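The values are calculated or read from the model by the stated rules, or taken from the named source; none is laboratory data. Bear in mind the structure is a predicted one, so any value in this text is a computation, not a measurement. No Cβ is skipped: glycine too gets one built from the backbone with ideal geometry, and neighbour counts run over all protein chains shown.
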Amino acid sequence: MINNSNISLNIEENIITPLPKLKLFIILTVLTSEMASLMYITPFLTFMIKSFNIDEENIGYYSGVILSSYMTGQFFSNLFWGYLSEKVGLKPIILFGLLSSSVCTILFGLSKSIIWAIFVRLLHGLLSGNLGVSRTYLYLITDKTNETKAFSLFPVAICVGAIIAPAIGGLLETPSKIWSDINGNHIFNIYPYLLPSIIISFLPFIGFIMGLFFIKEPYKNETENTELGTTTFVLNKNIYICIYLYFNIRLSLIGSDNLFPLLLTTSKKNNGLEFSPNNVAIVFMCSAVFLMIYSIIFIPLLKNYFGLLKLFSIVQIFNPLSIFCISLLSDFNILNNTILSIISCIFFIMKGSFATLSVVLINLMINNSTEKKYLGRINGISQSFAALGSIIGPIVSGVLYSWSIKNDYKFPLDIHFSFMIFSIMSFTNLLFVSFIDDSINNRIE
(Lines give C-alpha, C1' and ligand atoms only; values in the text may rest on other atoms or scores of the structure.)
Protein backbone atom coordinates (compact mmCIF):
# COMPACT_ATOMS: atom_id res chain seq x y z
CA MET A 1 0.00 0.00 0.00
CA ILE A 2 1.26 3.45 -0.90
CA ASN A 3 1.76 5.74 2.06
CA ASN A 4 0.19 9.04 0.97
CA SER A 5 1.61 10.94 3.93
CA ASN A 6 5.19 10.01 2.97
CA ILE A 7 4.58 11.01 -0.65
CA SER A 8 3.17 14.34 0.49
CA LEU A 9 6.18 14.93 2.75
CA ASN A 10 8.67 14.16 -0.04
CA ILE A 11 6.87 16.49 -2.43
CA GLU A 12 6.99 19.29 0.13
CA GLU A 13 10.71 18.74 0.68
CA ASN A 14 11.39 18.98 -3.08
CA ILE A 15 9.43 22.20 -3.58
CA ILE A 16 11.80 25.17 -3.90
CA THR A 17 10.42 28.41 -2.54
CA PRO A 18 10.60 31.20 -5.15
CA LEU A 19 13.14 33.88 -4.31
CA PRO A 20 11.65 37.18 -3.06
CA LYS A 21 12.81 39.09 -6.12
CA LEU A 22 12.22 42.68 -4.99
CA LYS A 23 13.77 42.17 -1.54
CA LEU A 24 16.68 40.32 -3.10
CA PHE A 25 17.25 43.01 -5.71
CA ILE A 26 17.28 45.75 -3.07
CA ILE A 27 19.78 44.04 -0.76
CA LEU A 28 22.03 43.10 -3.69
CA THR A 29 21.93 46.72 -4.84
CA VAL A 30 22.98 47.74 -1.33
CA LEU A 31 25.88 45.30 -1.40
CA THR A 32 26.95 46.29 -4.91
CA SER A 33 27.13 49.95 -3.96
CA GLU A 34 29.03 49.16 -0.75
CA MET A 35 31.56 47.01 -2.58
CA ALA A 36 31.99 49.59 -5.33
CA SER A 37 32.89 52.24 -2.75
CA LEU A 38 35.53 49.86 -1.36
CA MET A 39 37.01 48.48 -4.56
CA TYR A 40 37.21 51.48 -6.88
CA ILE A 41 40.62 52.46 -5.49
CA THR A 42 42.24 49.18 -6.59
CA PRO A 43 43.61 50.28 -10.01
CA PHE A 44 45.08 53.58 -8.83
CA LEU A 45 46.02 52.94 -5.19
CA THR A 46 49.68 52.27 -5.88
CA PHE A 47 49.86 55.42 -8.04
CA MET A 48 48.12 57.48 -5.36
CA ILE A 49 50.67 56.29 -2.81
CA LYS A 50 53.50 57.19 -5.21
CA SER A 51 52.04 60.71 -5.44
CA PHE A 52 52.59 60.98 -1.67
CA ASN A 53 56.35 60.67 -2.42
CA ILE A 54 56.58 57.08 -1.15
CA ASP A 55 59.39 54.91 -2.59
CA GLU A 56 58.33 51.90 -4.68
CA GLU A 57 59.91 49.52 -2.16
CA ASN A 58 57.51 50.81 0.53
CA ILE A 59 54.34 51.04 -1.57
CA GLY A 60 53.34 47.47 -0.70
CA TYR A 61 53.46 48.28 3.00
CA TYR A 62 51.37 51.46 2.75
CA SER A 63 48.93 49.80 0.36
CA GLY A 64 48.34 47.15 3.00
CA VAL A 65 47.86 49.77 5.72
CA ILE A 66 45.27 51.72 3.68
CA LEU A 67 43.32 48.59 2.78
CA SER A 68 43.49 47.33 6.36
CA SER A 69 42.33 50.61 7.89
CA TYR A 70 38.78 50.06 6.59
CA MET A 71 38.73 46.60 8.13
CA THR A 72 40.13 47.96 11.38
CA GLY A 73 37.02 50.10 11.65
CA GLN A 74 34.91 47.05 10.79
CA PHE A 75 36.58 44.98 13.50
CA PHE A 76 35.68 47.47 16.21
CA SER A 77 32.16 48.27 15.00
CA ASN A 78 30.59 45.13 13.51
CA LEU A 79 29.46 43.54 16.78
CA PHE A 80 27.86 46.86 17.76
CA TRP A 81 26.02 47.14 14.42
CA GLY A 82 24.91 43.50 14.62
CA TYR A 83 23.59 43.91 18.16
CA LEU A 84 21.92 47.23 17.31
CA SER A 85 20.19 45.61 14.31
CA GLU A 86 18.50 43.19 16.74
CA LYS A 87 17.27 46.13 18.82
CA VAL A 88 16.18 48.73 16.23
CA GLY A 89 15.87 46.61 13.08
CA LEU A 90 18.00 46.05 10.00
CA LYS A 91 16.67 48.91 7.87
CA PRO A 92 18.05 51.87 9.90
CA ILE A 93 21.49 50.25 10.09
CA ILE A 94 21.58 49.60 6.34
CA LEU A 95 20.49 53.15 5.47
CA PHE A 96 23.00 54.78 7.82
CA GLY A 97 25.78 52.61 6.41
CA LEU A 98 24.95 53.57 2.83
CA LEU A 99 24.92 57.28 3.60
CA SER A 100 28.23 56.99 5.46
CA SER A 101 29.79 55.14 2.52
CA SER A 102 28.75 57.88 0.12
CA VAL A 103 30.30 60.64 2.25
CA CYS A 104 33.51 58.74 3.03
CA THR A 105 34.05 57.90 -0.64
CA ILE A 106 34.12 61.60 -1.53
CA LEU A 107 36.42 62.34 1.42
CA PHE A 108 38.89 59.70 0.20
CA GLY A 109 39.05 61.46 -3.17
CA LEU A 110 40.37 64.53 -1.32
CA SER A 111 43.43 62.63 -0.06
CA LYS A 112 46.68 64.58 -0.31
CA SER A 113 48.62 62.60 2.30
CA ILE A 114 48.96 59.03 3.51
CA ILE A 115 47.55 60.00 6.93
CA TRP A 116 44.33 61.40 5.45
CA ALA A 117 43.82 58.33 3.24
CA ILE A 118 44.23 55.99 6.22
CA PHE A 119 41.95 58.09 8.45
CA VAL A 120 39.09 58.23 5.92
CA ARG A 121 39.19 54.49 5.29
CA LEU A 122 39.16 53.85 9.05
CA LEU A 123 36.17 56.17 9.46
CA HIS A 124 34.39 54.40 6.60
CA GLY A 125 34.85 51.05 8.31
CA LEU A 126 33.58 52.34 11.64
CA LEU A 127 30.41 53.90 10.24
CA SER A 128 29.19 51.10 7.94
CA GLY A 129 28.02 47.72 9.21
CA ASN A 130 26.39 46.61 5.97
CA LEU A 131 28.75 43.76 5.09
CA GLY A 132 27.49 41.83 8.12
CA VAL A 133 23.94 43.17 8.37
CA SER A 134 23.19 42.45 4.70
CA ARG A 135 24.04 38.77 5.26
CA THR A 136 21.56 38.64 8.14
CA TYR A 137 18.91 40.28 5.97
CA LEU A 138 19.46 37.83 3.11
CA TYR A 139 19.28 34.81 5.41
CA LEU A 140 16.01 36.05 6.94
CA ILE A 141 14.26 36.50 3.59
CA THR A 142 15.13 32.96 2.41
CA ASP A 143 14.60 29.40 3.63
CA LYS A 144 16.53 26.13 3.36
CA THR A 145 15.23 25.47 -0.19
CA ASN A 146 16.48 28.68 -1.79
CA GLU A 147 19.23 29.99 0.52
CA THR A 148 22.12 28.66 -1.59
CA LYS A 149 20.77 30.28 -4.75
CA ALA A 150 20.30 33.56 -2.88
CA PHE A 151 23.74 33.52 -1.24
CA SER A 152 25.37 32.61 -4.56
CA LEU A 153 24.08 35.98 -5.81
CA PHE A 154 26.18 37.75 -3.15
CA PRO A 155 29.36 37.25 -5.20
CA VAL A 156 27.43 38.49 -8.25
CA ALA A 157 26.73 41.76 -6.44
CA ILE A 158 30.39 41.93 -5.44
CA CYS A 159 31.46 41.24 -9.03
CA VAL A 160 29.14 43.94 -10.38
CA GLY A 161 30.84 46.31 -7.96
CA ALA A 162 34.19 44.92 -9.10
CA ILE A 163 33.31 45.64 -12.73
CA ILE A 164 31.91 49.13 -12.21
CA ALA A 165 34.34 50.33 -9.57
CA PRO A 166 37.76 49.49 -11.06
CA ALA A 167 36.56 50.68 -14.46
CA ILE A 168 35.57 54.08 -13.06
CA GLY A 169 38.59 54.27 -10.77
CA GLY A 170 41.11 53.22 -13.42
CA LEU A 171 39.68 55.21 -16.32
CA LEU A 172 38.82 58.47 -14.52
CA GLU A 173 41.78 58.85 -12.15
CA THR A 174 43.95 61.87 -12.99
CA PRO A 175 41.46 63.29 -15.52
CA SER A 176 44.05 65.85 -16.65
CA LYS A 177 45.50 63.01 -18.76
CA ILE A 178 42.18 62.79 -20.63
CA TRP A 179 40.96 66.39 -20.79
CA SER A 180 43.45 69.14 -21.51
CA ASP A 181 41.15 71.76 -19.92
CA ILE A 182 41.83 70.22 -16.51
CA ASN A 183 45.05 71.91 -15.42
CA GLY A 184 46.45 74.49 -13.02
CA ASN A 185 44.03 75.24 -10.18
CA HIS A 186 41.21 73.06 -11.51
CA ILE A 187 39.85 71.02 -8.61
CA PHE A 188 40.32 67.73 -10.48
CA ASN A 189 43.95 68.63 -11.15
CA ILE A 190 44.57 69.46 -7.48
CA TYR A 191 42.70 66.30 -6.41
CA PRO A 192 43.36 63.80 -9.25
CA TYR A 193 41.32 61.03 -7.60
CA LEU A 194 38.26 63.11 -6.70
CA LEU A 195 36.33 62.61 -9.96
CA PRO A 196 36.07 58.80 -9.72
CA SER A 197 35.31 59.19 -6.00
CA ILE A 198 32.36 61.49 -6.71
CA ILE A 199 31.01 59.16 -9.42
CA ILE A 200 31.30 56.11 -7.15
CA SER A 201 29.68 57.98 -4.22
CA PHE A 202 26.42 58.13 -6.20
CA LEU A 203 26.09 54.33 -6.02
CA PRO A 204 25.62 54.01 -2.23
CA PHE A 205 23.49 57.16 -2.32
CA ILE A 206 21.20 55.55 -4.91
CA GLY A 207 21.14 52.46 -2.68
CA PHE A 208 20.11 54.70 0.22
CA ILE A 209 17.18 56.15 -1.77
CA MET A 210 16.02 52.70 -2.88
CA GLY A 211 16.37 51.28 0.62
CA LEU A 212 14.46 54.18 2.15
CA PHE A 213 11.36 53.32 0.12
CA PHE A 214 11.58 49.58 -0.47
CA ILE A 215 13.43 47.81 2.38
CA LYS A 216 11.04 46.08 4.79
CA GLU A 217 11.99 44.50 8.11
CA PRO A 218 12.10 40.72 7.46
CA TYR A 219 11.91 39.62 11.10
CA LYS A 220 10.87 41.12 14.41
CA ASN A 221 13.00 39.91 17.31
CA GLU A 222 10.57 39.68 20.21
CA THR A 223 12.86 37.86 22.63
CA GLU A 224 13.77 39.67 25.81
CA ASN A 225 17.20 38.04 25.88
CA THR A 226 18.91 40.70 23.78
CA GLU A 227 21.54 41.98 26.15
CA LEU A 228 24.98 42.13 24.56
CA GLY A 229 26.47 40.21 27.45
CA THR A 230 24.37 37.13 26.67
CA THR A 231 26.37 36.44 23.50
CA THR A 232 28.47 33.82 25.29
CA PHE A 233 25.36 31.72 25.90
CA VAL A 234 24.50 31.38 22.20
CA LEU A 235 27.96 30.29 21.04
CA ASN A 236 28.65 26.62 20.31
CA LYS A 237 31.44 24.51 18.85
CA ASN A 238 30.32 24.95 15.26
CA ILE A 239 30.18 28.72 15.66
CA TYR A 240 33.65 28.90 17.19
CA ILE A 241 35.19 26.82 14.39
CA CYS A 242 33.30 28.64 11.62
CA ILE A 243 34.31 32.05 12.98
CA TYR A 244 37.95 30.95 12.99
CA LEU A 245 37.64 29.57 9.46
CA TYR A 246 36.05 32.82 8.26
CA PHE A 247 38.89 34.74 9.90
CA ASN A 248 41.54 32.59 8.20
CA ILE A 249 39.75 32.60 4.83
CA ARG A 250 39.66 36.37 4.84
CA LEU A 251 43.26 36.63 6.10
CA SER A 252 44.70 34.36 3.40
CA LEU A 253 42.42 35.45 0.56
CA ILE A 254 42.42 39.21 1.22
CA GLY A 255 46.14 39.12 1.89
CA SER A 256 46.80 37.38 -1.42
CA ASP A 257 44.26 39.64 -3.17
CA ASN A 258 46.35 42.60 -2.03
CA LEU A 259 49.42 40.98 -3.59
CA PHE A 260 47.77 40.60 -7.00
CA PRO A 261 47.57 44.31 -8.01
CA LEU A 262 50.98 44.88 -6.41
CA LEU A 263 52.47 42.19 -8.63
CA LEU A 264 50.67 43.61 -11.67
CA THR A 265 51.94 47.17 -11.15
CA THR A 266 55.48 46.49 -9.86
CA SER A 267 58.21 47.31 -12.37
CA LYS A 268 59.69 44.46 -14.40
CA LYS A 269 63.14 45.13 -12.95
CA ASN A 270 61.62 44.05 -9.61
CA ASN A 271 60.00 40.97 -11.23
CA GLY A 272 56.55 42.55 -11.57
CA LEU A 273 54.38 42.89 -14.69
CA GLU A 274 54.48 46.72 -14.91
CA PHE A 275 50.81 47.12 -15.86
CA SER A 276 49.14 50.53 -16.17
CA PRO A 277 45.95 51.38 -14.19
CA ASN A 278 43.95 50.67 -17.36
CA ASN A 279 45.52 47.21 -17.71
CA VAL A 280 44.72 46.42 -14.08
CA ALA A 281 41.13 47.62 -14.51
CA ILE A 282 40.63 45.42 -17.59
CA VAL A 283 41.99 42.31 -15.81
CA PHE A 284 39.65 42.87 -12.85
CA MET A 285 36.66 43.54 -15.10
CA CYS A 286 37.14 40.44 -17.27
CA SER A 287 37.64 38.24 -14.22
CA ALA A 288 34.57 39.68 -12.53
CA VAL A 289 32.34 38.94 -15.55
CA PHE A 290 33.31 35.27 -15.48
CA LEU A 291 32.87 35.02 -11.71
CA MET A 292 29.35 36.44 -12.00
CA ILE A 293 28.34 33.66 -14.40
CA TYR A 294 30.13 31.06 -12.29
CA SER A 295 28.35 32.18 -9.11
CA ILE A 296 24.86 32.09 -10.63
CA ILE A 297 25.19 28.76 -12.43
CA PHE A 298 27.75 26.58 -10.68
CA ILE A 299 27.68 27.36 -6.95
CA PRO A 300 24.07 26.13 -6.37
CA LEU A 301 24.76 23.02 -8.50
CA LEU A 302 27.96 22.17 -6.64
CA LYS A 303 26.37 22.69 -3.21
CA ASN A 304 23.35 20.56 -4.09
CA TYR A 305 25.57 17.78 -5.45
CA PHE A 306 28.20 17.57 -2.70
CA GLY A 307 26.41 19.07 0.29
CA LEU A 308 27.47 22.10 2.32
CA LEU A 309 30.19 20.71 4.58
CA LYS A 310 31.69 18.26 2.08
CA LEU A 311 31.97 20.90 -0.64
CA PHE A 312 33.58 23.35 1.77
CA SER A 313 36.18 20.70 2.69
CA ILE A 314 36.99 20.01 -0.97
CA VAL A 315 37.44 23.70 -1.77
CA GLN A 316 39.96 24.10 1.05
CA ILE A 317 42.26 21.71 -0.82
CA PHE A 318 42.32 23.87 -3.95
CA ASN A 319 42.42 27.33 -2.34
CA PRO A 320 46.13 27.12 -1.37
CA LEU A 321 47.13 25.94 -4.85
CA SER A 322 45.27 28.79 -6.56
CA ILE A 323 46.96 31.36 -4.30
CA PHE A 324 50.45 30.09 -5.11
CA CYS A 325 49.72 29.97 -8.85
CA ILE A 326 49.30 33.77 -8.87
CA SER A 327 52.99 34.17 -7.98
CA LEU A 328 53.95 32.30 -11.16
CA LEU A 329 52.91 35.38 -13.17
CA SER A 330 56.27 36.93 -12.26
CA ASP A 331 57.96 34.13 -14.22
CA PHE A 332 56.07 35.16 -17.38
CA ASN A 333 56.87 38.90 -17.27
CA ILE A 334 59.07 38.69 -20.37
CA LEU A 335 55.92 38.16 -22.46
CA ASN A 336 54.00 41.04 -24.07
CA ASN A 337 51.21 42.79 -22.17
CA THR A 338 48.36 41.21 -24.13
CA ILE A 339 49.45 37.66 -23.34
CA LEU A 340 50.28 38.66 -19.77
CA SER A 341 46.78 40.12 -19.35
CA ILE A 342 45.17 36.90 -20.61
CA ILE A 343 47.28 34.72 -18.30
CA SER A 344 46.58 37.08 -15.38
CA CYS A 345 42.83 36.78 -16.00
CA ILE A 346 43.01 32.97 -16.11
CA PHE A 347 44.97 32.74 -12.86
CA PHE A 348 42.83 35.32 -11.08
CA ILE A 349 39.61 33.61 -12.23
CA MET A 350 40.89 30.30 -10.89
CA LYS A 351 41.73 31.87 -7.53
CA GLY A 352 38.49 33.87 -7.46
CA SER A 353 36.36 30.79 -8.15
CA PHE A 354 37.60 28.95 -5.07
CA ALA A 355 37.62 32.10 -2.94
CA THR A 356 34.03 32.94 -3.90
CA LEU A 357 32.85 29.44 -3.13
CA SER A 358 34.62 29.49 0.25
CA VAL A 359 32.99 32.77 1.30
CA VAL A 360 29.48 31.72 0.20
CA LEU A 361 29.73 28.38 2.00
CA ILE A 362 31.21 29.71 5.24
CA ASN A 363 28.45 32.32 5.48
CA LEU A 364 25.81 29.60 5.10
CA MET A 365 27.59 27.53 7.75
CA ILE A 366 27.72 30.45 10.19
CA ASN A 367 24.02 31.17 9.74
CA ASN A 368 23.18 27.47 10.12
CA SER A 369 24.99 27.43 13.48
CA THR A 370 22.60 29.64 15.45
CA GLU A 371 18.96 30.51 16.04
CA LYS A 372 17.24 33.20 14.01
CA LYS A 373 16.92 35.58 16.97
CA TYR A 374 20.71 35.68 17.45
CA LEU A 375 21.67 36.14 13.79
CA GLY A 376 22.43 39.85 14.17
CA ARG A 377 25.12 39.52 16.79
CA ILE A 378 26.54 36.23 15.45
CA ASN A 379 26.98 37.79 12.01
CA GLY A 380 28.42 40.83 13.77
CA ILE A 381 30.96 38.70 15.63
CA SER A 382 31.88 36.67 12.55
CA GLN A 383 32.21 39.80 10.43
CA SER A 384 34.42 41.39 13.10
CA PHE A 385 36.81 38.45 13.03
CA ALA A 386 36.64 38.37 9.24
CA ALA A 387 37.60 42.04 9.37
CA LEU A 388 40.48 41.17 11.71
CA GLY A 389 41.72 38.70 9.10
CA SER A 390 41.33 41.41 6.49
CA ILE A 391 43.40 43.77 8.66
CA ILE A 392 46.24 41.33 9.20
CA GLY A 393 46.26 39.96 5.65
CA PRO A 394 47.06 43.15 3.69
CA ILE A 395 49.57 44.36 6.29
CA VAL A 396 51.44 41.04 6.31
CA SER A 397 51.28 40.80 2.53
CA GLY A 398 52.53 44.37 2.14
CA VAL A 399 55.45 43.84 4.53
CA LEU A 400 56.43 40.49 2.96
CA TYR A 401 56.13 41.81 -0.58
CA SER A 402 58.18 44.93 0.15
CA TRP A 403 60.81 42.76 1.86
CA SER A 404 60.96 40.37 -1.09
CA ILE A 405 61.61 43.06 -3.72
CA LYS A 406 64.14 44.88 -1.52
CA ASN A 407 66.33 41.77 -1.20
CA ASP A 408 67.91 39.80 -4.01
CA TYR A 409 67.20 36.33 -2.64
CA LYS A 410 66.66 33.21 -4.72
CA PHE A 411 63.50 31.08 -4.73
CA PRO A 412 61.65 30.48 -2.41
CA LEU A 413 62.54 33.76 -0.66
CA ASP A 414 62.03 35.89 -3.75
CA ILE A 415 58.74 37.44 -4.94
CA HIS A 416 57.03 34.02 -4.61
CA PHE A 417 57.59 33.97 -0.85
CA SER A 418 54.63 36.10 0.25
CA PHE A 419 52.26 34.01 -1.89
CA MET A 420 53.65 30.82 -0.36
CA ILE A 421 52.99 32.08 3.17
CA PHE A 422 49.31 32.76 2.43
CA SER A 423 49.01 29.46 0.62
CA ILE A 424 50.24 27.62 3.71
CA MET A 425 47.89 29.60 5.96
CA SER A 426 44.96 28.71 3.71
CA PHE A 427 45.91 25.03 3.84
CA THR A 428 45.53 24.97 7.65
CA ASN A 429 41.74 25.26 7.22
CA LEU A 430 41.70 21.55 6.44
CA LEU A 431 42.84 20.80 9.99
CA PHE A 432 39.74 22.43 11.50
CA VAL A 433 36.99 21.33 9.11
CA SER A 434 36.97 17.76 10.45
CA PHE A 435 35.80 19.03 13.87
CA ILE A 436 32.56 20.52 12.52
CA ASP A 437 29.34 18.58 13.20
CA ASP A 438 27.19 17.41 10.29
CA SER A 439 24.32 19.43 11.79
CA ILE A 440 25.89 22.44 10.06
CA ASN A 441 24.30 21.24 6.81
CA ASN A 442 20.85 22.37 7.96
CA ARG A 443 19.28 25.44 9.56
CA ILE A 444 18.36 25.60 13.24
CA GLU A 445 14.63 26.26 13.01
### Task
Taking the residues in region 296-353 that are among the basic types (K, R) and over 20 Å from the mean Cα position of the chain (by Cα) as candidates, determine which candidate is surrounded by the most Cβ atoms within 10 Å (Cβ to Cβ).
K303
### Query
Among (1) buried (at least 22 other Cβ atoms within 10 Å of the Cβ); (2) over 16 Å from the mean Cα position of the chain (by Cα), where does N78 come up short?
(2)
### Query
If you take the residues in region 30-41 that are assigned to a helix (DSSP H, G or I) and β-branched (V, I, T), which one is modelled with the lowest pLDDT?
V30
#### Entry: S102 vs. criteria part of a helix (DSSP H, G or I), closer than 19 Å to L131 by Cβ and not basic (K, R)
yes
### Message
Just the residues that are under 13 Å from L122 (Cα atoms) and hydrophobic (A, V, I, L, M, F, W, C), please, taken from region 54-84.
### Response
V65, I66, L67, M71, F75, F76
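Each row is one residue, and each column tells you yes or no for (1) modelled with pLDDT under 85; (2) surrounded by fewer than 18 Cβ atoms within 10 Å (Cβ to Cβ).
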{"site": "I11", "(1), (2)": "yes, yes"}
{"site": "P18", "(1), (2)": "no, yes"}
{"site": "L28", "(1), (2)": "no, no"}
{"site": "P43", "(1), (2)": "yes, no"}
{"site": "N53", "(1), (2)": "no, yes"}
{"site": "E57", "(1), (2)": "yes, yes"}
{"site": "L95", "(1), (2)": "no, no"}
{"site": "S100", "(1), (2)": "no, no"}
## Note on the structure
When restricted to A167, A162, A157, the only residue of a type outside the set (D, E) and over 17 Å from the mean Cα position of the chain (by Cα) is A167
### Task
Would you please name the residue that is modelled with the highest pLDDT, looking only at residues in region 60-75 that are among the small types (G, A, S) and within 16 Å of the chain's Cα centre (by Cα)?
G73
### Task
Please enumerate the residues belonging to region 261-283 that are closer than 19 Å to I164 by Cα and touching a residue at least 24 places away in the same chain (Cβ under 8 Å).
P261, P277, N278, N279, V280, A281, I282, V283
## Note on the structure
Within region 59-71, restricting to residues that are polar (S, T, N, Q) and in contact with a Leu (Cβ under 8 Å, 6 or more places away or on another chain), the one that is surrounded by the fewest Cβ atoms within 10 Å (Cβ to Cβ) is S69
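For (1) of a type outside the set (A, V, I, L, M); (2) outside any helix (DSSP H, G or I); (3) modelled with pLDDT of 90 or more, each residue gets a yes or a no:
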| position | (1), (2), (3) |
| --- | --- |
| V315 | no, no, yes |
| S330 | yes, no, no |
| I349 | no, no, yes |
| S353 | yes, no, yes |
| L364 | no, no, yes |
| I378 | no, no, no |
### Query
Does region 267-282 contain any residue that is in a helix (DSSP H, G or I) and modelled with pLDDT of 85 or more?
no
### Task
Sort out which residues of region 345-363 are among the aliphatic types (A, V, I, L, M), touching a residue at least 60 places away in the same chain (Cβ under 8 Å) and within 17 Å of F247 (Cβ to Cβ), and write them in order of number.
A355, V359, V360, I362
### Task
Hand me the list of helices (runs of 4 or more DSSP H) wholly inside region 130-249 holding 2 or more residues that are touching a Cys at 6+ places or on another chain (Cβ under 8 Å) and modelled with pLDDT under 80.
none
### Options F47, F25: the member that is in contact (Cβ under 8 Å) with a residue 40 or more places away in the chain and either over 20 Å from L264 (Cβ atoms) or in contact with an Asp or Glu (Cβ under 8 Å, 6 or more places away or on another chain) (or both)
F47
### Scope region 272-300; condition in contact with a Leu (Cβ under 8 Å, 6 or more places away or on another chain) and hydroxyl-bearing (S, T, Y); matching residues
S295
#### Entry: Selected residue (criterion: surrounded by the fewest Cβ atoms within 10 Å (Cβ to Cβ)) from residues of region 102-121 that are hydroxyl-bearing (S, T, Y) and more than 18 Å from F208 (Cα to Cα)
S113
#### Entry: Residue ID - surrounded by the fewest Cβ atoms within 10 Å (Cβ to Cβ), chosen from residues in region 401-434 that are hydrophobic (A, V, I, L, M, F, W, C) and over 22 Å from S358 (Cβ atoms)
F411
#### Entry: Matching entry among E57, E34 (being acidic (D, E) and within 19 Å of the chain's Cα centre (by Cα))
E34
### Query
W403 fails exactly one of the following numbered conditions: (1) closer than 18 Å to N258 by Cα; (2) in contact (Cβ under 8 Å) with a residue 24 or more places away in the chain; (3) not small (G, A, S). What is the number of that condition?
(2)
